[in-house]
Amino acid sequence: MKKSSKTYVVFQGRECGIYDNWEACNKQVHGYSRALYKSYPSLELAKKAYEDYQKNNRPTPRSFPKKGICVDGACSGNPGTIEYRVTRLDGSLIFESEKIPDGTNNIAEFLALVKGLKMSTKIPVYSDSQVARTWVENKFCNTNDRNQLSSELLKEIEQAEKWLKQHPEHIKGRVAIWKTSEWGEIPADFGRKQNSAHKKLTLDNQKINDKELNNQQKIFDYNNNNYNNYNNDDYDDYDDDDDDYYDYNNVENLLMENKNYLNKDTLSDTNYSPDETICANI
């Protein structure tokens, strides 16, 4: 087999380090939750990248948890398809559920926390969901959508509640808060928070763009109407109190953008208002 000319760095994986072939690298990252790796054209660049990463991403020893497991839930839509999983502190996967329809993110977080408590009866179980921690402590999934849940999901919730009531000794003192502000995202995280935020930002920007386009259309519709019906004797200025009032500065900006197309001689001999000047160019 021909040796690869690339060098691979595993920043997060089963065994972090530098590898000289893809097969060895792949063994460390394939199926590993939140794996992080990259290829480099030379060993020198790979070493520098690995050293820089270790220097800049080393957790604070005094605060980062040294033992325990982590849980997280995710939901595509609300309600939507849910899934949840359990990982070690290093991000390696312990358990991942099947996808279940017609749930909520809080339900997924609740089931994840119960699963974590079931799988290990001594060490702390970390969750970044306040709602899930409260539901577990109360031994009840306090969702408002219980009547709308599928029979499959409702059965899983009821089994989780039953287990919590039967094993109070496995709950006390073991439900731990994941301090995201100090430690970063919980290792079990599905990594979708950024995507959701980006989607929201995109939608917000689209709304702004649509509103701006609508405002510009109002300007041109208004001016075009006045141009077609213009009469020097009975021309009325635009009413500043009208609901369709537009910003005077926007009109001046449009005038500047179109100044190369206007007839300068005509403008110099005629007392045009900014509104009429725009109309002259339509």
Just to confirm, what accessible area per residue do you get for the range 101-142 at 1.4 Å probe, in whole Å²?
40 Å²
With θ taken as phi - 60° and the coefficients 6.51, -1.76 and 1.60, list the Karplus ³J(HN,Hα) couplings across the range 130-144 in order, rounded to whole Hz; mark glycine and proline as x.
5, 4, 4, 5, 5, 4, 5, 4, 8, 6, 8, 7, 8, 8, 7
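Take every Cα pair under 8 Å in the range 3-94 that's 6+ residues apart, average their separations, divide by the length, and report that relative contact order as a whole percent.
Values: 134 pairs, mean separation 22.1, N = 92.
Answer for the range 3-94 is 24 percent.
Can you give the extra length, in nm with one decimal, that the chain gains between LYS179 and PHE95 once fully stretched, where that is 0.36 nm per residue apart less the Cα-Cα distance? Numbers along the way, then the final one.
On the way: separation 84, 0.36 × 84 = 30.24 nm, distance 2.20 nm.
28.0 nm is the gain from fully extending LYS179 to PHE95.
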Any chance you could get the radius of gyration and Dmax over the Cα atoms of the range 1-122, in Å?
18.1, 51
Taking H placed 1.01 Å from N in the peptide plane, check which residues at least 5 places from THR7 or on another chain put their amide H under 5 Å from its amide H.
TYR40, SER42
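The values are calculated or read from the model by the stated rules, or taken from the named source; none is laboratory data. From a predicted model like this one, the values you see are computed outputs, not experimental measurements. Surface areas here come from the heavy atoms of the whole protein model, side chains and all, with no ligands, DNA or RNA. Shrake-Rupley method; radii C 1.70, N 1.55, O 1.52, S 1.80 Å.
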